[in-house]
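Chemist: The structure that follows is given in the form of structure tokens.
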């Protein structure tokens, strides 16, 4: 599992140094250091290859008659690119994904369970601010939807 977050910097070539615990997690799933990156929620999302393969298989079960399903599949899968950790533990974020997520030099890398998210620092901080602002209402809505969590 990927947990926590850390401030990171993209170098001028668009490379990102993963923290050691994230590198270890990637290598645990893929000894070759492969990670699949794609666009989602305004950030670059990264999945270890076995997790990505599960996601691709889940798309086979969806109703492609629904144009919303096709549009999401087109957006999500066509935005995917495989990257490999280099010897320094960096990954190269392709220009189209950097542009999609509006990534500059200052970024935040967030561990979100089975995936990582790479955010523009200002967008990440604004998202956290909004979450904090709406926390009680969001928790109440999740409870009404039947979601139960051990906190």
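Here, each number is a calculation from the coordinates, and none is a lab measurement. Fair warning: this is a prediction, and the values are worked out from it, not measured in the lab. As a convention, Cβ positions derive from the backbone with ideal geometry for all residues, glycine included, and neighbour counts pool all protein chains shown.
Chemist: Which residues, counting only those in the range 12-31, are loosely packed, with under 12 Cβ neighbours inside 10 Å and within 17 Å of residue 92 (Cβ to Cβ)?
Modeler: Matches in the range 12-31: 12, 13.
Chemist: Separate question: Here are 79, 104, 113: which of them is in contact (Cβ under 8 Å) with a residue 24 or more places away in the chain, surrounded by fewer than 12 Cβ atoms within 10 Å (Cβ to Cβ) and under 17 Å from the mean Cα position of the chain (by Cα)?
Modeler: Going through 79, 104, 113 in turn, just one is in contact (Cβ under 8 Å) with a residue 24 or more places away in the chain, surrounded by fewer than 12 Cβ atoms within 10 Å (Cβ to Cβ) and under 17 Å from the mean Cα position of the chain (by Cα): 113.
Chemist: Does residue 54 fit the bill of being touching a residue at least 40 places away in the same chain (Cβ under 8 Å), loosely packed, with under 14 Cβ neighbours inside 10 Å and closer than 23 Å to residue 118 by Cα?
Modeler: no
Chemist: Here's a follow-up. Could you check, for the range 118-139, whether at least one of its residues is surrounded by 12 or more Cβ atoms within 10 Å (Cβ to Cβ), in contact (Cβ under 8 Å) with a residue 40 or more places away in the chain, in contact with a helix residue (DSSP H, G or I) (Cβ under 8 Å, 6 or more places away or on another chain) and not in a strand (DSSP E or B)?
Modeler: no
Chemist: Looking at the structure I just gave you, is residue 46 on the phi > 0 side of the Ramachandran plot and touching a residue at least 12 places away in the same chain (Cβ under 8 Å)?
Modeler: no
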